[in-house]
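Okay, so here's the structure we're looking at.
The values are calculated or read from the model by the stated rules, or taken from the named source; none is laboratory data. Worth saying up front: this structure is predicted, and the values here are computed from it rather than measured. Note that each Cβ is placed from the backbone with ideal geometry, even for glycine, and that neighbours are counted across all protein chains shown. Side chains are part of the model used for accessible areas, which takes the heavy atoms of the whole protein and leaves out ligands, DNA and RNA. Shrake-Rupley method; radii C 1.70, N 1.55, O 1.52, S 1.80 Å.
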Amino acid sequence: MARRPVAWVAAIVLIAEALGIAFLNWFLGLVVDHQEMSLAGLDPRAMSVGAWVAGGVFGLYLVLGAVVLLRAAITDRAPGGFGRILLVSVAVVHALLGAFAIGLVGWPAFVAMMVVLGLVVLSLVAYDRRENGPVDGRPGPPAPPSGPASSPEPTTP
């Protein structure tokens, strides 16, 4: 199955997106700082530092999602509870960003967000926990008998 390559590609895309978000917020912080722009009387320095911190936090969030996907790709096992929750939240964030991107940036940005959303969701769905054996140490359902079924009554000729 192609779940390992999908997880690899999704992780690489999330890392590239994290770097892009961090760079964009760094650049916007520099623009605000150099132009001494203010919004409703806020200190321009506080606004630029806020942009840098927001870019760093969002970038780390995306990198953490990429690490979960990389771990899943390397071990070929489904992410645990925290990893699944993190990847679901990454998918939801990309769905919301895609919805906002239509009006603010345009259709190409929407398509890019939907591609990342599709990669993350496909990675989540491809790693079905039932394939990997028992979950949380509990035994799975009993296996059906492998031999021919014996009938309770003998057949007479």
Exercise for the section: Answer yes or no: is there a residue in segment 106-116 that is in a helix (DSSP H, G or I), at pLDDT 90 or above and over 18 Å from A16 (Cα atoms). Expected result: yes
Practice task
Tally the residues that are at pLDDT 90 or above and open to solvent by 70 Å² or more (accessible area, probe 1.4 Å), restricting the search to segment 117-137.
Solution key: 2
Practice task
Please specify each residue of segment 79-89 satisfying the condition of being of a type in the set (G, A, S) and either open to solvent by 70 Å² or more (accessible area, probe 1.4 Å) or part of a helix (DSSP H, G or I) (or both).
Solution key: G81, G83, S89
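I need the full set of residues from segment 90-105 which are assigned to a helix (DSSP H, G or I) and aliphatic (A, V, I, L, M), in order please.
V90, A91, V92, V93, A95, L96, L97, A99, A101, I102, L104
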Exercise for the section: Please verify whether segment 57-70 includes one or more residues that are of a type in the set (S, T, Y) and either within 17 Å of Y127 (Cβ to Cβ) or open to solvent by less than 40 Å² (accessible area, probe 1.4 Å) (or both). Expected result: no
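Considering only residues of segment 29-78 that are among the polar types (S, T, N, Q) and in a helix (DSSP H, G or I), which is modelled with the lowest pLDDT?
Taking the candidates together, the pick is Q35.
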